[in-house]
1. Could you list, in sequence order, the residues of the stretch B:127-141 that are within 29 Å of the chain's Cα centre (by Cα) and either in a helix (DSSP H, G or I) or polar (S, T, N, Q) (or both)?
2. Inspect the stretch B:393-410 for any residue being touching a residue at least 12 places away in the same chain (Cβ under 8 Å), within 21 Å of B:E364 (Cβ to Cβ) and part of a strand (DSSP E or B) and give the result as yes or no.
3. How many residues, within the stretch A:1-42, are polar (S, T, N, Q) and within 14 Å of chain B (Cβ to nearest Cβ)?
4. Could you please let me know if A:T55 is under 17 Å from A:R166 (Cβ atoms), out of contact with any Cys (no Cβ under 8 Å at 6 or more places or on another chain) and either within 14 Å of chain B (Cβ to nearest Cβ) or touching a residue at least 12 places away in the same chain (Cβ under 8 Å) (or both)?
5. Just one of (1) within 13 Å of another protein chain (Cβ to nearest Cβ); (2) among the hydrophobic types (A, V, I, L, M, F, W, C); (3) within 20 Å of the chain's Cα centre (by Cα) trips up B:A149, so point out which.
6. From B:S524, B:S514, which residue is at pLDDT 95 or above and either in contact with a Ser or Thr (Cβ under 6 Å, 6 or more places away or on another chain) or surrounded by fewer than 16 Cβ atoms within 10 Å (Cβ to Cβ) (or both)?
7. Do any helices (runs of 4 or more DSSP H) lying entirely in the stretch A:86-160 carry at least 2 residues that are within 30 Å of A:A40 (Cα to Cα) and of a type outside the set (D, E), and which ones are they?
Amino acid sequence: MDKKLYTMIVYSENIAGLLNQITAVFTRRQINIESLNVSASSIKGVHKYTITAWTDEDTIKKIVRQIEKKIDVLQAHYFTDEEIFSHEIALYKLSTPVLEREPKVSELIRRYNARVVEVNPTYSALEKDGTTEDITSFYDELQQLGCVLQFVRSGRIALTKSCVERVNEFLAEREARYLRAKQNEAAR
Amino acid sequence: MSNKETITGAEALMRSLEHQGVDTLFGYPGGSIMPVFDALYDHRHILNHILVRHEQGATHAAQGYARASGKVGVCLVTSGPGATNTITGIADAMIDSTPVVVIAGQVGTSFLGSDAFQEVDLVGITQPITKWSYQIRRAEDVPWAVARAFYLASSGRPGPVVLDFAKNAQVETFDYEPTTVDFVRSYIPVPDTDSMSVIMAADLINKAQRPLVLVGQGVELGNAQDELRAFIEKADMPAGCTLLGLSALPSDHRLNVGMLGMHGNLAPNVKTNECDVLVAVGMRFDDRVTGNLATYAKQAKIIHFDIDPAEINKNVKVDVAVLGDCKDTLRAVTDLLVPAKHKEWLASFAPYAEEERVRVIEPEIHPGHGPLNMGEVVRAVSEATRNEAVLVTDVGQNQMMSARYFKYSRNRSIITSGGLGTMGFGLPAAVGATFAVPDRTVCVFMGDGGLQMNLQELGTVMEQKAPVKMILLNNNYLGNVRQWQAMFFNRKYSFTPMLNPDYMKIAEAYGIPSRRVMERSDLSAAIDEMLSTAGPFLLEACVIEEGNVLPMTPPGGTVNDMLLEC
């Protein structure tokens, strides 16, 4: 089967140790995680994981189901690049003397729309957000000019193109069904 | 007035267990669980604590208890080595979907992470092999954690839960209130059944000319044995059982065509690759059942009934997945079935059954001369119990022979380590089973290898006078590995011959009545003696040394290409 870069979005309760359980599903199947971002979601007490991995659709489906099976995981879904808006952020530390000497550097900064966040006589720090490719190609071009002292990039974060937050619906439905079941029980 | 009462975490654990209806625990005390054992002493008349001889024995006993009764098995152990000794049993319970709650002591929270005495990261170790693993750090979390543990262990697809109980939380006090958990918003124990899937399944079965049903442990776990029978009877479908599903359908049911898998019966295996609709109920297409997936049931439309969505398409791609509790889904599909007769199809199983009977079964159970066979001992014991006993097995040839030659007439009658294949499982699991079903005869078949792996549990048998009927099939070999060495490694018997102790003397040391049988003519009287002796009994059958389990699908082989001799 064709391998692709899949982006998995997982929502879970905010419970210590869950990250381990989620990554273990990948490692058991010998799938490398390309990037991983974990943070609080827009819902209180719910954490959101954005995970990317190269694999085939059959495997990513199985991984999603095995992750969803973890008790404190609320939902897991996978997406291809066409189904999401995704972003990364990167920081670049450049040598200030090279920056001053080499006009191509500031040209690149403008072309790639990077932001200067710090300048001192020794180094300058840039921040750039964008796609994986954009961030990488900016790095490659800077590297050719020999001015990169340090480089770091975040994992991918992503929004789905659908207009509803599925996890909200999921939670509302779960609570409503439980209450209905309780009421039915009481009525009986 | 509030019904709250200020008590310690340890006392709260006792009350929470009682609130869950627990009446039996298997455990072993130690430093980090002492406050709990102190509290347990005062509850010992309600919470019957069985002192095992090794913590692995505690987990297997809890498994045996759970598998025989359908209730949650409970273990109580200390931190560090006490906890790590439970790992094999926890992993076994996970892969065989057995509801077990393991409560382990842990060092106090102020010591956590400092490599304190008998500290081990139990939650970290057990996360991949549990449904849920949780560290109780505060006394006030006890009622919630215990309630959640029992809810998770027993609901949906059952499994093991670990509670890692920090010592400070055992001694701290709080206001206790009984707690029940019946909802976890992130956890869907029983997935919704898509009504289309029910219609499609019924439609496929109604159109089938050659349907074959595969019965798994899910039928027993879902208590759907009656529904299964109605289902197969209405559409007149032959059914084969997995190892763990063997007692979900009586052996003598006219539609029961035998055991599936590597050492299963010839007919259901061959017919798997001839049927036009394959209906799997509560089974997970384990490699020991399917053999080579590339050649498995390729001609058939496949319907999979399961409670766990992660099992669908995991190993075998299916055409229709019927998610839900099989007690409900089987009934729903049965309602839509048109009564059918598959006379010719059913009759086509007979020649294979007959071939296996003549070439494998008869020589195994009625050899007439030569040394005792494993199969004949098993069949004789089974018949002496009128096929009504609970069969517990260890792992290896003894397991396959007893699964094949024991007969099942009642539900929940086979307790064996299927997925993990844990040697040493049998004896402690049988001890556990005797506490779960005191009114039933519990027979455990073991090899000389497996018995010695948890031999210390004879101490538990002795102390509890647990009425375990122990049958040792002694062939002086690690027989299953020896068979593979004979078949696939040029008869190079690398470390499989074993020098055995005198088991009669061992039994005597424990005060357990015993009998050794070398001759066929003595077998029946020895079995009668075993069954008529109150309490435990060890029957050592000295069986053929190089006996083989047959038929066999060689590893990676195809289900319809079984070896009848080797």
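1. Of everything in the stretch B:127-141, those that are within 29 Å of the chain's Cα centre (by Cα) and either in a helix (DSSP H, G or I) or polar (S, T, N, Q) (or both) turn out to be B:Q127, B:P128, B:I129, B:T130, B:S133, B:Q135.
2. yes
3. Looking only at that region, the number is 7.
4. Working: under 17 Å from A:R166 (Cβ atoms): no; out of contact with any Cys (no Cβ under 8 Å at 6 or more places or on another chain): yes; either within 14 Å of chain B (Cβ to nearest Cβ) or touching a residue at least 12 places away in the same chain (Cβ under 8 Å) (or both): yes.
No, not satisfied.
5. Unmet for B:A149, out of (1) within 13 Å of another protein chain (Cβ to nearest Cβ); (2) among the hydrophobic types (A, V, I, L, M, F, W, C); (3) within 20 Å of the chain's Cα centre (by Cα): (3).
6. Values: B:S514 fails: either in contact with a Ser or Thr (Cβ under 6 Å, 6 or more places away or on another chain) or surrounded by fewer than 16 Cβ atoms within 10 Å (Cβ to Cβ) (or both).
It is B:S524.
7. On the way: elements: A:96-101, A:103-111, A:132-144.
It comes to A:132-144.
Each row is one residue, and each column tells you yes or no for (1) assigned to a loop (DSSP other than H, G, I, E, B); (2) within 20 Å of the chain's Cα centre (by Cα); (3) crowded, with 24+ Cβ neighbours inside 10 Å; (4) basic (K, R).
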site	(1), (2), (3), (4)
B:K71	yes, yes, no, yes
B:V74	no, yes, yes, no
B:G82	no, no, yes, no
B:T88	no, yes, no, no
B:V102	no, yes, yes, no
B:G105	no, no, yes, no
B:Q118	yes, no, no, no
B:I125	no, no, no, no
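The values are calculated or read from the model by the stated rules, or taken from the named source; none is laboratory data. Everything numeric in this text was worked out from a predicted model, so none of it was measured. Every residue, glycine as well, gets a Cβ built from its backbone with ideal geometry; the counts of neighbours run over all protein chains shown.
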